[in-house]
Amino acid sequence: QVRLVESGGGLVQAGGSLKLSCAASARAFSTYTMAWFRQAPGKEREFVALISGRGGNIRYADSVQDRFSISRDNTKNTVDLQMNSLKPEDTAVYLCAAGGIARADVKSYDYWGQGSQVTVSS
């Protein structure tokens, strides 16, 4: 069983930055691909970024490429999402997820955090 807890969300003006963190209670944390998804009201959950267990495979959604950066620290069981140049359309609940395969689809992830609200004002 893997427990994920997100932190770091909040309210920021357009153009600003936020950093999300996800703390995982998991044995063999480095064997899990970690990802961030987001879900806005009335919309489906969408992929944001993923990082493979050892960090060698990193992918981003086109909408956040060059603005967001994902990283992980396997000694601390954490994964971070640095978000820069935020836009109002980035407003959503951001969820951390853990899975065994480095894919961008929701079904590839077995464990989910409860989410952290990010609100970007215009």
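The values are calculated or read from the model by the stated rules, or taken from the named source; none is laboratory data. These numbers were taken from a predicted model, which means no experiment stands behind them. Here the Cβ positions follow ideal geometry from the backbone for every residue, glycine too, while neighbour counts run over all protein chains shown. Accessible surface is based on the protein model in full, side chains and every heavy atom, while ligands, DNA and RNA are left aside. Shrake-Rupley method; radii C 1.70, N 1.55, O 1.52, S 1.80 Å.
List of remarks:
- Residue in segment 1-11 that is assigned to a loop (DSSP other than H, G, I, E, B), open to solvent by 70 Å² or more (accessible area, probe 1.4 Å) and at pLDDT 95 or above present: no
- Among residues of segment 44-59 that are touching a residue at least 12 places away in the same chain (Cβ under 8 Å), those with a Cβ under 8 angstrom from a residue that is open to solvent by 60 Å² or more (accessible area, probe 1.4 Å) and among the basic types (K, R), sequence gap 6+ or separate chain, pair up as A49/R59; L50/R59; L50/R103.
- Residue in segment 19-34 that is farther than 16 Å from G100 by Cα and not in a strand (DSSP E or B) present: no
- Checked against (1) in a loop (DSSP other than H, G, I, E, B); (2) within 14 Å of V118 (Cβ to Cβ); (3) touching a residue at least 24 places away in the same chain (Cβ under 8 Å); (4) open to solvent by 30 Å² or more (accessible area, probe 1.4 Å), P41 meets all criteria but (3).
- Residue within segment 96-107 that is at negative phi, without any contact (Cβ under 8 Å) to a residue 60 or more places away in the chain and β-branched (V, I, T) present: no
Rundown of residues vs (1) assigned to a strand (DSSP E or B); (2) over 21 Å from G16 (Cβ atoms); (3) at pLDDT 95 or above, yes/no style:
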residue	(1), (2), (3)
F37	yes, yes, yes
G55	no, yes, no
R72	yes, yes, yes
T75	no, yes, yes
L81	yes, no, yes
A97	yes, yes, yes
A104	no, yes, yes
V118	yes, no, yes
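- Matching residues, segment 81-96, being surrounded by fewer than 21 Cβ atoms within 10 Å (Cβ to Cβ) and closer than 19 Å to Y111 by Cβ: V93
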